[in-house]
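Input: a single structure, listed below in structure tokens.
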Amino acid sequence: METPVLGFEARCPHLFNTNSRPSSSLPHPTLSVRTLTAATVVKSPATVAIEAPRTKPHSKFFLTRKSAISEIEQSPDFLSSLQRLSRVLKVQDLNVILRDFGISGRLQDLIQLFDWMQQHGKVSDSTYSSCIKFVGAKSVSKALEIYQSIPDDSTKTNVYICNSVLSCLVKNGKLDSCIKLFDQMKRDGLKPDVVTYNTLLAGFIKVKNGFPKAMELVGELPHNGIKMDGVMYGTVLAICASNGRCEEAESFVQQMKDEGHSPNMYHYSSLLNSHSWKGDYKKADELMTEMKSVGLVPNKVMMTTLLKVYIKGGLFDRSRELLSELESVGYAENEMPYCMLMDGLSKTGKLEEAMTIFDDMKAKGVKSDGYANSIMIAALCRSKRFEEAKQLARDSETTYEKCDLVMLNTMLCAYCRAGEMESVMRMMKKMDEQAVSPDYNTFHILIKYFIKEKLHLLAYQTLLDMHSKGHRLEEELCSSLIYHLGKIRAHLEAFSVYNMLRYSKRTICKDLHEKILHILIHGKLFKDAYVVVKDNAKVISQPTLKRFCKAFMVSGNINLVNDVFKVLHGSGHKIDQVQFEIAISRYISQPDKKELLLQLLQWMPGQGYVVDSSTRNLILKQSHLFGRQLIAEILSKHHIVSRTMVRSRSEPKFSRGQRGK
């Protein structure tokens, strides 16, 4: 076996052991989870061997390789140096250079080196794993491109390479794509290891409703011969906590103990956090007692989480005591614990007490990024104390030169509620200057304000902007805007809002169809009104349908008259004889619409409709325009149907018993 390169064997032992597979280059995504590994890491044989004292000096060939690596890494034109020294270097040496390029941020050099290694057939599993890891930190698509370019199927399902790809997707928030690729990898022959599952599970910690899918992954472990370690338990507990699954979290902690694992601070913190969802302070206190009994001292995270439990449970006196304790041990140097208590108090109607905490925090000079101000501004707005909210917003603008979107939205809301148009415009300009993109809340605040100020077209333009940014539209807000746009005769704009809402893949309130139909009729937008009726006739009231029919027969597109009749009849609406008379009169006045008139007259008897005497006489007077013989035949059918209808109405009605007699 080759003697490894001095200085590199401790960092990358697997690169110099040709009989062993490369270890995974995948770190756990969060620092807090990494702390769990201390109790579970087992040193590999390679690592143990490295720690043994060296008894023999390095060979001349070894020193030559080491010198070549150093020269290539330091060369301003490393490709030329690589070409000259390539015969000296082995694949594992090139992998060391590749990693060093990645660590030092020389991404372009890394990609050029990788391309050179591929062209010269000097790649290994570690090459792909390392390259994907470093490239994926900057470009997911490029990392996937490298993975898909692997020619050998067995290499493509190498667990270390797969772990690097999956880690890249998880870290970049591409969890859905990650799971799909993982399923494909398994079908292709991947045998996942504990790192694979730790990577995937870590992606579900901050995913909304990710608990069920995470449990599916946990359910796969026994089938793959994998036992949960301390890291995995920590990740699963964090998932339970982020989804409020207290019972499941307790069950996993017990399972962990039964398997001989000792929970550490991270495990207890996640379990405590799961109790904060329901404010279960009794279980939280029991957990703190248990933790102290095994020699663990609560840290800042634990004590802050306990404060959250007390606040959620409504124990404000104990919350104040705990806040004082946090202050005494130096864990309240920033605003977060104060903000939690202020928010809890204000949302339960204890605004004055929240103000006291806020003033106390300011007096103590606690470091603040403005979040505390934001909480109090929102609380004052909820209590309709708009002048105070406006003043605090102005103070915040002066104190904090740069604010995050949450703070900006809070101040914007305060100005809108106080009716301060000038301040609203200033805040919008400030957001532009700071390149802060508005979110759903920003648009919602502005649209409500513009409607309130009767700036309906400005509200409409803001809604268009909101929709173009991909934000979900709220039906109640859209309905209000549609109503007001209709009032100012902005009929097309109202219909545009209706369509944005209708095509947002959601079921909308039935009343909204009727509301927009009235607006369109009033605006004489009959073609658009017909579209609304065609799609929603069965949920529109009969009086409204009658109004639409009358308006359309008088002024609507004559080429659509027959279609309108068919849609209305198909919805169960009984068409008034007057509407037929208006339509037929329009057809007669335009002889070029002969075919449409004949189609209507032929359709009517089959649906139980006939022309009345006055309409019949009108048709006969103009029959020379449409063909006397054909008109006579059609009107004859109308007469037969009419007699049948009269006879049916004149016959006495008998009950079943009377018919029997």
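Side notes on the structure shown:
- Contact map, the range 282-301: residues that are surrounded by 16 or more Cβ atoms within 10 Å (Cβ to Cβ) paired with residues that are among the β-branched types (Val, Ile, Thr), Cβ distance under 8 Å, separation 6+ or inter-chain. Pairs shown: 284/309.
- Counting only residues that are within 18 Å of residue 494 (Cα to Cα), assigned to a helix (DSSP H, G or I) and among the acidic types (Asp, Glu), the range 423-480 holds 3 of them.
- Qualifying positions in the range 154-199 - of a type in the set (Asp, Glu), in contact (Cβ under 8 Å) with a residue 24 or more places away in the chain and either farther than 21 Å from residue 231 by Cβ or not assigned by TED's automatic domain parsing to the domain that holds residue 143 (or both): 188
- Of residues in the range 110-145 being under 10 Å from residue 168 (Cβ atoms) and among the β-branched types (Val, Ile, Thr), the one surrounded by the most Cβ atoms within 10 Å (Cβ to Cβ): 132
- Pairs linking a residue in the range 484-499 that is assigned to a loop (DSSP other than H, G, I, E, B) to a residue that is surrounded by 14 or more Cβ atoms within 10 Å (Cβ to Cβ), with Cβ atoms under 6 Å and 6 or more positions apart or on different chains, are 488/456.
- Test result for residue 235, surrounded by 13 or more Cβ atoms within 10 Å (Cβ to Cβ), outside the structural domain of residue 176 (by TED's automatic domain parsing) and of a type in the set (Val, Ile, Thr): yes
- The criterion of at least 2 residues that are more than 41 Å from the chain's Cα centre (by Cα) is met, among helices (runs of 4 or more DSSP H) falling completely within the range 510-598, by 542-555, 561-570, 577-589.
- The residue list 511, 528 contains one member that is of a type in the set (D, E, K, R), exposed (fewer than 13 other Cβ atoms within 10 Å of the Cβ) and either touching a residue at least 24 places away in the same chain (Cβ under 8 Å) or over 16 Å from residue 555 (Cα atoms) (or both), which is 511.
- When the range 171-192 is filtered for residues that are over 20 Å from residue 134 (Cβ atoms) and surrounded by fewer than 17 Cβ atoms within 10 Å (Cβ to Cβ), the ones remaining, listed by number, are 176, 180, 183, 184, 186, 187, 188, 189, 191.
The values are calculated or read from the model by the stated rules, or taken from the named source; none is laboratory data. Everything numeric in this text was worked out from a predicted model, so none of it was measured. Using ideal geometry, Cβ is built from the backbone for each residue, glycine included, and neighbour counts are taken over all protein chains shown.
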